[in-house]
Amino acid sequence: MLFRSPAGQLADGRKSGNYVHMNSVWRGPDGLRLIYHNETSKTQRPSEVVILNADHTVREVIPTTTANAHNIVEHNGERIICDSMEGALDVNGEQAFTGGIFTRGLSVGDDYVLVGGSEYGKRKDRGRLGGELYILNRSFDLLHRVGLPSMVLEIRGV
C-alpha cells in the first residue's frame, strides 16, 4: 500500500503548506488523539491535535499554540503537549514548563510528569547528541533533571 498524505499531494515536500507529520497517538476516552507536527518551522503552520472517531475518521482538527510538537497526553482535564521547538511543555494552550532543549517523550501520572529533552541537530549528527530527562510534579515544577548520553525519543508510563 502506498502512503497517501491525509492533506493531499505535496507540491514542495516538507515545505508544502499542507504537509502533516504525525508524531504521537494517544487514546482518549472518546477516540484517538493524534499530534501533527506540521514542520512548523517550514510550513508556518502550528502543530495540530486531530481527534478520531471510533471508526478512525477525523472528527475534529484543533490548531495548537505549539511548533513542531511531539507527544500528547490528556489527563484530569489537561491537554499536555511537548512544544518541541520551544523546549517546553504546553498545558491547555499555556507554557507550563521550559526545559531549554527540544522536548520529546512524555508520560503523565497522578503524581509525576516525565518529559524528555534532546539536543537539536541535523539528522546526520543526531547519533552524537545528548539529552535530558525532566521529572516534574503535577504543578509542572522541576524536581530533578537527569543528563543522558543520547537523545530522548520516547518515554512510556511513569
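The values are calculated or read from the model by the stated rules, or taken from the named source; none is laboratory data. Computed from a predicted structure; not experimentally measured. Don't worry about glycine lacking a Cβ; one is built from the backbone with ideal geometry, like all the others, and counts go over all protein chains shown. To get the accessible areas, we keep the full protein, side chains included, count just its heavy atoms, and leave off ligands, DNA and RNA. Shrake-Rupley method; radii C 1.70, N 1.55, O 1.52, S 1.80 Å.
The figures follow:
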| quantity | calculated |
| --- | --- |
| Residues (more than 13 Å from the chain's Cα centre (by Cα) and charged (D, E, K, R)) located in the range 15-40 | K15, R27, D30 |
| Residue count, the range 112-158 (criterion: among the polar types (S, T, N, Q), modelled with pLDDT under 95 and in a loop (DSSP other than H, G, I, E, B)) | 1 |
| Residue within the range 51-70 that is more than 23 Å from V108 (Cβ to Cβ), open to solvent by less than 60 Å² (accessible area, probe 1.4 Å) and not in a loop (DSSP other than H, G, I, E, B) present | no |
| Residue ID - farthest from R27 (Cα to Cα), chosen from residues in the range 83-100 that are open to solvent by less than 40 Å² (accessible area, probe 1.4 Å), in a strand (DSSP E or B) and without any contact (Cβ under 8 Å) to a residue 40 or more places away in the chain | A88 |
